[in-house]
Every structure is written in C-alpha cells, then in structure tokens.
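Step one of this worksheet: look at the structure below.
The values are calculated or read from the model by the stated rules, or taken from the named source; none is laboratory data. Please read these numbers as outputs of a predicted model, since none were measured by experiment. Every residue, glycine among them, receives a Cβ derived from its backbone with ideal geometry; neighbour counts consider all protein chains shown. These area figures cover heavy atoms from the full protein model, side chains too; ligands, DNA and RNA do not enter into them. Shrake-Rupley method; radii C 1.70, N 1.55, O 1.52, S 1.80 Å.
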Amino acid sequence: MPTPLSIALAHGNAATESLPGEPDTRLRGYLRRRFPRLPDIEDLVQEAHLRLWRAKRAGNVRSERGLLFSIARHAAFDSFRRHAKHPTERLPEDPDSAVYLDDANAADITSRQEEVALLRQALAALPERCREVLVLRRIHALSHREIAERLGIAEHTVEKQVGIGLRKCLDFLRRHGVDPRRA
Amino acid sequence: VSPDAVHTTAAAEAAAARWLARRESGMSESDAAAFTRWLGADPIHAEQWRRAEALWTALGDALADRPVSAPRAESGRLISGRAP
C-alpha cells in the first residue's frame, strides 16, 4: 500500500534518496516515550519524513537526523491539536478537557523549546548589527530612537534592521518546516 | 508547491516582517490604516502576520539566553523553578 511518503517521493524526483531505516526505530521509541498517549506513531513517522523531505526541497538542511526528530515532535504537537479540535467518540464531550490540555501543553512546551533552539541558529546567522538591534529592542526594550542614538545610526535604519532580522528568521523557520506557534 | 506559491508566501512573509518592524517603531494613523488594508487583503497576509507575531514572542526566549541580558522566563511559558 502506498504511503503518503512514498507517493510524495514518487511525484517529487526524490525517489533515488535512500530512506534511513534504523533511525525510524529510534524515532518510534523516542515518540512513544515522549508522547505515551499518542495513538498514531506510524502516521507521525511518515508525516515527519514528508515534512523533512519538504524542508530539504525548500532549502538548506544541515543536520537531517536532528531535524527529523525535531519535526516529529512538531508533528506530534499538531496531532494533539487535531485530536483536540475533532474529538472522536473516545473523547469526553468537552474538547478542552483537562486531559487533552495537559498533553497539548506538554507538547507545546517541547515544541517551543525546539523552536527556540532553531531560532538561535537563525539568529547566529544574522549580521552582528542586525542581531544587536533585535536584542536592544526585544530584550532591553529600548525604543528605536534610543537604539539609533546608542548605535549612531538613523532611526529608519533601526526599523529596517528589525525587519531584515525578522524576515530572515521567518524564512529560516519555514525552510526547516517549523511554524512559529501562537503566544 | 508551485514556484509562484513559494514566491507569494515569501513576499507576504517579508511584508509581515516589515509591518512588525514598523509597529515596533510606532505606527502613524495612516500606517495603521494601510496595515489594516494589507492584513485583510489576502488570507496569506493574515497567516504570515500570525507567524511574525509568534516569532516576536519566541525571540524573547531565543535572545534572552545570550550574555547580553540576564535570562528570564519573560512569557512565563517555559517551565521554571519557581517556588510554589
């Protein structure tokens, strides 16, 4: 039976890629330990491969294996969200029941930590001035005028640097198949 | 995903980043009106704006770990060793 992954690969000129077998075993074990209540581990593994393949197609992927695990965690989180939105007969009548919120929160925190780790990579790749401006604005909460004075640059340059930094981070996350979650 | 779709997404993403930077500068009334028009013009705009705002929140955690400032759980989202 063709899986979503095999279909995607067959349609995407990526059929020559070898798929890692052994890491999947570790990935399954990892997901079971991490999300013991998640019912559809196999779907998740497939989904993770699909997303990895998309990320690879979209751009530069350096650590394929690390990314696969990261993506799987995000897929797990998405799965929790889907279950919460479309409760089956096994679910209590209230989709916001404490059980599901607990799971979603646990996955949410994990997802957020992964996102932050990835974001640090994106930030490390920014030009120093651009990162400096983001830190002064986001962490030190200086106004753009104060930042301009401190760095001896024009205010509109500060805004431009903030915009460039944000765009590069968004681009980086998208290429890695990660969607920043709502606050 | 067609090349056009990628282009559209990337363009909306870049616009969302610029709007967020403008918001941080402080928006004039005409800025705010233009922003509202942009936001409603295409669902892709709203989606990319949502990503940009989520990124802004996440940046607090991502940047705070640097030595430039003391680490703090600004958003309160991450588990901390707070006393009960």
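What figure in square angstrom, to the nearest 10, would you give for the accessible area of residue A:157 with a 1.4 Å probe?
40
Quick one: what are the phi-derived ³J(HN,Hα) couplings along the range A:159-176, Karplus 6.51/-1.76/1.60 with θ = phi - 60°, whole Hz, x for glycine and proline?
4, 4, 5, 4, x, 5, x, 5, 4, 5, 5, 4, 4, 4, 4, 5, 5, 9
Once you place label points 7 Å from the Cα toward the Cβ at residue B:5 and residue A:37, how far apart are they in nm?
For residue B:5 paired with residue A:37, the spin-label model returns 3.3 nm.
Give me a single rounded figure for A:173-180: the average over its residues of other chain Cβ atoms within 10 Å of their Cβ.
Per residue, the average neighbour count from other chains is 3.
Please compute, for peptide A:157-167, the average count of beta-carbon atoms on other protein chains lying within 10 Å of each residue's beta-carbon.
6
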